[in-house]
Amino acid sequence: MTRTEAGTRTERAVQGLESGSPSVRLRAALAVGTAPDPGFIGPLVERCAVEPDFSVREMLTWALTRHPASMTVPVLVGEVRAQSAQARSQALHTLSKIGDRRAWPAITPALLSDADDEVARSAWRAAVVLVPEGEEFELAIAMAAQLGRGDRETRLSLSRALVALGETGGPAVSAATNDPDLRVCAHAIATERLRRDPDAGFESAIEHAKRVVALSTAGREER
């Protein structure tokens, strides 16, 4: 393929990614991933930051994973510092799918505690995949500090991430079961139950945690 032909192909792909039709954008991302080219990396990352359709975003991520990690990871690492929450979240999601631990330094405490729940959730998932051997305990402490935050989906994401750390996540979760904040305490108890019985399900774990907290609170009031 000549340079002119390659330029034309890139231009057509970019036009497809910017189409007003989600199905056209989906096909464009599929085509890019099927025949990867370094010239597509920038447009793919840029589209991730603004793409409103979930299925298209997933295809954009897949297309990026089809390119060499040595080329995509540096661009994505830069993107996790973007002002746009979606840009940060999607870059983290894509890094978790690539799984290249050279991206680990980008998983900062600021991202693990990002004010945007979707960014934080993506950071937790990426951190579990990318954490180097020997740094799991410190990661567990940082993530356990977020127990009790957000809605059900956010709490479930954090519990799953802490469970995925295995035994190294245990002490941080156990310590949080004694937190004076009842929301934190209940979330920690639910996470601890999931660690011990992964088949229990999150709803069952939450109900169990509520009963434990209620009994504990009643016992303190009686004293």
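Bear in mind that the values in this text are calculations on the coordinates, not laboratory data. The structure displayed is predicted, hence computed values, not measured ones.
Before moving on, here are some points about what is shown:
- Computed with the Debye formula from one identical point scatterer per Cα of the range 117-166, without solvent, the log10 of I(q)/I(0) at q = 0.13, 0.21, 0.27 Å⁻¹ comes to -0.25, -0.64, -1.05.
- Shape descriptor for the range 8-72: Rg over Rh equals 0.92 (Cα atoms; Rh from the Kirkwood inverse mean 1/r).
- Across the range 55-208, the volume of the C-alpha convex hull divided among the residues equals 112 Å³ per residue.
- The range 123-196 pair-distance distribution - Cα-Cα, 5 Å bins, rounded %: 3, 19, 33, 26, 14, 4, 1
- Extension gain for ARG149-ASP197 works out to 15.0 nm (0.36 nm per residue, less the C-alpha to C-alpha distance).
- Normalised by residue number, the volume inside the convex hull of the Cα atoms of the range 33-110 is 80 Å³ per residue.
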